[in-house]
Amino acid sequence: MFASLEGRSVIVTGGSRGIGRGIALAFARTKAKLTIVGRDRAHLEQAVAEMKEAGAVARSAVCDVSNFDQVREMVDEAAGIQGGLHVMCANAGSFPQVKIIDLDPAGWDEMMANNLRSTFLCVKASIPHFAKAGSGRVVVTSSITGPLTGYPGWSHYGASKAGQLGFIKTAAMELARYNTTINAVMPGNILTEGLMELGEEYLSTMAKTIPLKRLGSVEDIGNAALFLSSDEAGYITGQHIVVDGGQVLPESTDAVAAI
Ligand code: NAP
């Protein structure tokens with residue numbers, strides 16, 4: 001039996017849709033106090049209503065997670081309103097596909113800012129609050145793409161996601177003095193609004209490569225994030241967990257067909 005996370009103060013970046021929404025919902029069902037972060041106010045309001053319905057005390061914050069002033073203000077405000085900060089879910093990110101030959105340096109920098117710099121900024125802004133609370137949890141949304149797999153058009157995306165795993169190794173050591181853990185979830189192909197924008201052909205091709213024969217749900221990632229945020233996961237830090245229905249396991253597509 002896991003200890004309740006009721007009343008814990010949790011920030012979920014990118015919580016207005018997709019995987020972040022699934023993570024936020026998992027915490028909402030435990031009656032956590034949630035701040036949902038994104039740039040689109042209308043999407044945030046919808047998500048807050050959904051979280052309240054699921055049992056949370058929920059609020060939203062409009063914030064671009066690649067901007068440090070905005071991130072610091074967002075984190076300080078959430079901690080002030082929610083009685084401190086216990087969990088930071090650094091999830092927001094984007095995955096536009098551009099092949100290297102067409103990718104300009106500004107596009108590379110934008111990807112790094114949105115996915116990797118943002119992870120560093122969220123952790124940096126949270127440290128004073130974890131220090132004050134005497135403990136904390138960080139859950140980073142990485143990916144199988146980059147650390148484990150490649151896909152044409154995602155060199156910059158994969159580099160940003162692998163970079164997050166590099167970051168958490170040293171961050172885990174530095175956060176230990178605040179009794180705070182940091183770990184990453186590595187989703188496979190999870191059915192989100194962002195993934196759907198890649199088109200039906202991409203979705204059906206991907207589903208065929210997964211031994212469990214389905215794309216992941218946002219709840220699948222939410223459950224992993226919830227575990228890594230629990231008191232019971234308090235001795236796990238600097239680690240990553242693949243949540244992909246076995247997608248990285250087959251040696252060939254024939255191997256999946258033979259299941
Ligand atoms: P999504 O459906 O496109 O949702 C992305 C969320 O992040 C939205 O809430 C978006 O809100 C927010 N966001 C993006 N950039 C932001 C910024 N600069 N500042 C604040 N909020 C920002 O994407 P998703 O599929 O859920 O992906 C979420 C995370 O999971 C990403 O880090 C992605 O790399 C990772 N991931 C996804 C999959 C998958 O299969 N879906 C697989 C592996 C990893 P606004 O647009 O309103 O800002």
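Every number in this text was worked out from the coordinates using simple rules, so none of it is lab data. Keep in mind that what you see is a predicted model, and the values were worked out from it rather than measured. All Cβ positions, glycine included, derive from the backbone under ideal geometry; neighbour counts span all protein chains shown.
Against the chain, whose longest principal axis comes from its Cα atoms, helix 155-175 is set at around 40 degrees.
The range 92-160 gives an Rg/Rh value of 1.10, both radii derived from C-alpha positions and Rh following Kirkwood.
With an a/c value of 1.5 or above and a/b larger than b/c for the gyration tensor axes a ≥ b ≥ c computed over the alpha-carbon atoms, the range 53-200 is described as prolate. Full extension of the chain segment joining Lys208 with Ala159 gains 15.1 nm, where the gain is 0.36 nm per residue of separation less the Cα-Cα distance.
Build a GNM of the chain with springs between Cα atoms under 10 Å apart, and of Glu45, Glu232, Glu77 the one that fluctuates most is Glu232. Count the net charge of all other residues whose Cβ sits under 10 Å from the Cβ of Gly22, scoring Lys and Arg as +1 and Asp and Glu as -1. Net charge around Gly22: 0. Model label points for Ile81 and Tyr235, set 7 angstrom from Cα along the Cα-to-Cβ axis, are 3.8 nm apart. Of the chymotrypsin sites (Phe, Trp or Tyr not before Pro) found in the range 199-257, those that fall in a DSSP loop while having at most 16 other beta-carbon atoms within 10 Å are Tyr235.
Only alpha carbons enter this Debye calculation for the chain, each as an equal point scatterer, and the log10 of I(q)/I(0) it gives at q = 0.10, 0.13 Å⁻¹ is -0.46, -0.79.
Put the Cα centre of the range 9-35 next to the Cα centre of the range 139-160 and the gap is 23 Å. For the range 9-243, the relative contact order comes to 21 percent (Cα pairs under 8 Å, sequence separation of at least 6).
The alpha carbon radius of gyration of the range 160-204, expressed as a multiple of 2.2 N^0.38 Å, is 1.68.
Between the Cα long axis of helix 41-54 and the first principal axis of the chain there is an angle of about 70°, rounded to the nearest 10. Here the sum of -39500 (n - 2.57) over DSSP H runs of 4 or more residues, divided by the residues of the chain, equals -13500 deg cm²/dmol at 222 nm, to the nearest 500. Across the chain, the longest piece that holds none of the trypsin sites (Lys or Arg not before Pro) lying in DSSP loops with up to 16 other C-beta atoms within 10 Å covers 100-212. Estimate the FRET efficiency between Ser94 and Asn179 by the formula 1/(1 + (r/R0)^6), using the beta-carbon distance for r and 22 Å for R0, to the nearest 0.05. Efficiency at R0 = 22 Å is approximately 0.10.
Restricted to Cα atoms, the range 140-259 shows a radius of gyration and a Dmax of 15.6, 49 angstrom.
For the residue pairs Lys124/Lys169; Lys52/Lys124; Lys52/Lys161; Lys31/Lys213, the C-alpha atoms sit more than 24 angstrom apart in Lys52/Lys124; Lys52/Lys161; Lys31/Lys213. Note on the chain: with a GNM built from Cα contacts shorter than 10 Å, the maximum mean-square fluctuation among Ile190, Ile81, Ile168 falls on Ile81.
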